[in-house]
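Following: one structure in structure tokens, then a few remarks.
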There are 2 protein chains.
Amino acid sequence: MIAFKKIVICGVGLIGGSVALALRKAGYSGRVVGLERNSDVLVRAHKLGILDDAGSSLGETFKDADLLMLAVPVAQTAKVLESFLPYLPDNIVITDTGSTKSDVVAMARNVLGDRVARFVPAHPIAGSESNGPEAAFATLFEGKKTVIAQLPENSETDVAQVAALWETCGAIIHYLTPAGHDRVFATVSHLPHLLAYGLVDYVANHPLSELFFQYAASGFRDFTRIAESSPEMWRDISLANRTHLLEGLDAYMEELFRMRALLADSNGAGLDAIFANARQARMNWRCAIESVETGNKNK
Amino acid sequence: MIAFKKIVICGVGLIGGSVALALRKAGYSGRVVGLERNSDVLVRAHKLGILDDAGSSLGETFKDADLLMLAVPVAQTAKVLESFLPYLPDNIVITDTGSTKSDVVAMARNVLGDRVARFVPAHPIAGSESNGPEAAFATLFEGKKTVIAQLPENSETDVAQVAALWETCGAIIHYLTPAGHDRVFATVSHLPHLLAYGLVDYVANHPLSELFFQYAASGFRDFTRIAESSPEMWRDISLANRTHLLEGLDAYMEELFRMRALLADSNGAGLDAIFANARQARMNWRCAIESVETGNKNK
């Protein structure tokens, strides 16, 4: 059950658009209004049937709204909140969908002041290398985690209502602190993106680039899929989570140095030990994921 | 049309098993006999219907054979060829499926002497993180490249006959020198495997490993798929292609150092440029691949 009667989604791309579609699919009876910096995107989202209203003035858009969801690149959080602030109804709850949390919380705290108590930070762990409203689909969040990075000031009611919205979209709710969230995702998401971008950039700039790409096959394809993600979004995430990402990158480069030394020494047993440990860990992880997914399907 | 009347495949796992199945699917009327260091694997391959014969003595196996295909981890090439040498008919053609070529050629040259003229090195660019005969399937090579790394001593007839066999399996034939082959695959295949193994090993050994794996999602999944590949096979490939792989690893680490410096300086424009270049190159590559695949399907 969703308590909100009128939801304003700022940013109706993959994430914001998919929330709107998921709510509609779940039979949500309230209104969903969209906001976009780029009016062309808003028109496309409206044509795609994602939005009830394409939004007019900010005053009109926020009238009677009881939830504002930010689904914009994280670096825009402050600017967007500042521009909305004069129009926000007193009792509106605000949430976000950003891939980093500490910086978003800092910006929200800075702009909102005491009203940050109504800001419930969240991050749906779902996505795609595609973006824009055309990439949105109603089942994007089904069976996926949404992390709520609750603030000490948040009321239990606001947190429960944001959680209920995500559950309506099919998500499973997890709770982490903003800093804990950022450390985890630096390792399992932001670092792999950086590494994939780096590999493709390296290959693309190589004098033999054309030859290399000609023979790249399925291993390369899967390894580099995320290098097609939005550069703007990942630049913002990298900068926003800079400290944790540098920590992860340094630790990974130490691992590469160790592997390089083993390879330079032709130490087959040493390489084998790393490869075998990685393989076993990857299989354990995949089997755990698959058993949860099978469990969900059998419900 | 395949000229060979009796083919001995040494190693009936994913690659060797799939060749046998592809030949059968194509209506190949000759005999396909399997050899395995592990007799249990041979029995499984026979039960799976992959082989006509499960092989008896080496003398019996090689009687009247006119092609020997090695589909074993590359480091075993010398040992396997040595053990077969006394039993090889005078006019048998030998080929392999190894992921590295310079080392395989060196071993073949060493063991076979002048008979290396009948050794046609090859590498089907197809695979999976799964292995063993159970992973084999008849369409593994369809529409995929097979690289023939022809030797100066090879006769055009032998090369054409090995090429015809792979074309019967559905492959598209490409030609590279052994060294050219190894340089290309160090970059687009061997390096990504090393990087993926390294990331999973790093995450698995981290004190927060359990928490990290809990939040790993689709980006991590695709990036690390190849870290489930056979440790033995990839240890051998890494060692066999050590020089080119070290070269690629060093260049990639320089790229990571550059990205690290940009991140440490909060240089968003610099990161954006790398991300955008990578994204464009990845999209161009994918579109080229997809248009070839669509073209093949429409034939």
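The values are calculated or read from the model by the stated rules, or taken from the named source; none is laboratory data. The shown structure was predicted, so the numbers you read here are calculated from the model rather than taken from an experiment. Please note: Cβ atoms are built from the backbone with ideal geometry, for glycine as well, and neighbour counts cover all protein chains shown. For the accessible areas, the whole protein counts, side chains as well, though only heavy atoms, and no ligand, DNA or RNA atoms are used. Shrake-Rupley method; radii C 1.70, N 1.55, O 1.52, S 1.80 Å.
General remarks:
- Checking B:L51, B:L88 one by one, the residue that is surrounded by fewer than 21 Cβ atoms within 10 Å (Cβ to Cβ) and in contact with a Leu (Cβ under 8 Å, 6 or more places away or on another chain) is B:L88 and no other.
- Within segment A:253-288, being more than 7 Å from every other protein chain (Cβ to nearest Cβ) and in contact with a Phe, Trp or Tyr (Cβ under 9 Å, 6 or more places away or on another chain) holds for A:E254, A:N284, A:A288.
- Total residues in segment A:141-177, condition among the basic types (K, R) and touching a His at 6+ places or on another chain (Cβ under 6 Å): 1
- For segment B:118-158, the set of residues classified as charged (D, E, K, R) and open to solvent by 40 Å² or more (accessible area, probe 1.4 Å) consists of B:R118, B:E129, B:E134, B:E142, B:K144, B:K145, B:E153, B:E156, listed by residue number.
- For segment B:228-250, a residue qualifies if it is touching a helix residue (DSSP H, G or I) at 6+ places or on another chain (Cβ under 6 Å) and under 15 Å from A:G198 (Cα atoms), and the qualifying residues are B:G248, B:L249.
- Pair list, Cβ under 9 Å, 6 or more apart: segment B:4-16 residue assigned to a loop (DSSP other than H, G, I, E, B), other residue of a type in the set (S, T, N, Q): B:F4/B:Q161; B:K5/B:S29; B:G11/B:Q76; B:G11/B:T97; B:G13/B:N131; B:G13/B:S230
- When segment A:167-211 is filtered for residues that are within 18 Å of the chain's Cα centre (by Cα) and not in a helix (DSSP H, G or I), the ones remaining, listed by number, are A:C169, A:G170, A:A171, A:I172, A:I173, A:H174, A:Y175, A:L176, A:T177.
- A:T77 vs. criteria surrounded by 20 or more Cβ atoms within 10 Å (Cβ to Cβ) and more than 16 Å from A:Q150 (Cα to Cα): yes
- Residue ID - farthest from the other protein chains (Cβ to nearest Cβ), chosen from residues in segment B:163-187 that are surrounded by 24 or more Cβ atoms within 10 Å (Cβ to Cβ) and within 12 Å of B:G248 (Cα to Cα): B:D182
- Pairs meeting the criteria (first residue in segment B:150-164 and under 21 Å from B:G98 (Cβ atoms), second residue basic (K, R), beta carbons under 7 Å, at least 6 apart or on different chains) are B:D158/B:R118.
- Residues of segment A:212-226 satisfying the condition of being within 26 Å of the chain's Cα centre (by Cα) and without any contact (Cβ under 8 Å) to a residue 40 or more places away in the chain: A:S218, A:G219, A:F220, A:R221, A:D222, A:F223, A:T224
- Within segment A:99-117, the set of residues being closer than 20 Å to A:L245 by Cβ, crowded, with 19+ Cβ neighbours inside 10 Å and free of Cβ contacts under 8 Å to residues at least 40 places away in the same chain comprises A:M107 only.
- Residues (at the interface with chain B (Cβ under 7 Å from one of its Cβ atoms) and among the small types (G, A, S)) located in segment A:232-244: A:S238
- Selected residue [under 30 Å from B:S128 (Cβ atoms), within 8 Å of chain B (Cβ to nearest Cβ) and open to solvent by less than 30 Å² (accessible area, probe 1.4 Å)] from A:L211, A:L199: A:L199
- Residue within segment A:85-95 that is in contact (Cβ under 8 Å) with a residue 24 or more places away in the chain, farther than 30 Å from A:V188 by Cα and among the acidic types (D, E) present: no
- Restricting attention to segment A:252-286, the residues being part of a helix (DSSP H, G or I) and open to solvent by 30 Å² or more (accessible area, probe 1.4 Å) number 17.
- If you go through segment A:271-293 and pick out every residue that is more than 27 Å from the chain's Cα centre (by Cα) and either of a type in the set (A, V, I, L, M, F, W, C) or assigned by TED's automatic domain parsing to the domain that holds A:F185 (or both), you end up with 5.
- The set of residues in segment B:240-251 that are farther than 15 Å from A:L256 by Cα and open to solvent by 10 Å² or more (accessible area, probe 1.4 Å) comprises B:A240, B:T243, B:H244.
- Qualifying residue in segment B:221-230 (condition: open to solvent by 10 Å² or more (accessible area, probe 1.4 Å) and of a type in the set (G, A, S)): yes
- Members of segment B:34-48 that are among the hydrophobic types (A, V, I, L, M, F, W, C) and either farther than 23 Å from B:S83 by Cα or surrounded by fewer than 23 Cβ atoms within 10 Å (Cβ to Cβ) (or both): B:V41, B:L42, B:V43, B:L48
- Members of segment B:214-231 that are part of a helix (DSSP H, G or I) and within 7 Å of chain A (Cβ to nearest Cβ): B:Y215, B:G219, B:F220, B:D222, B:F223, B:T224, B:R225, B:I226, B:A227, B:E228, B:P231
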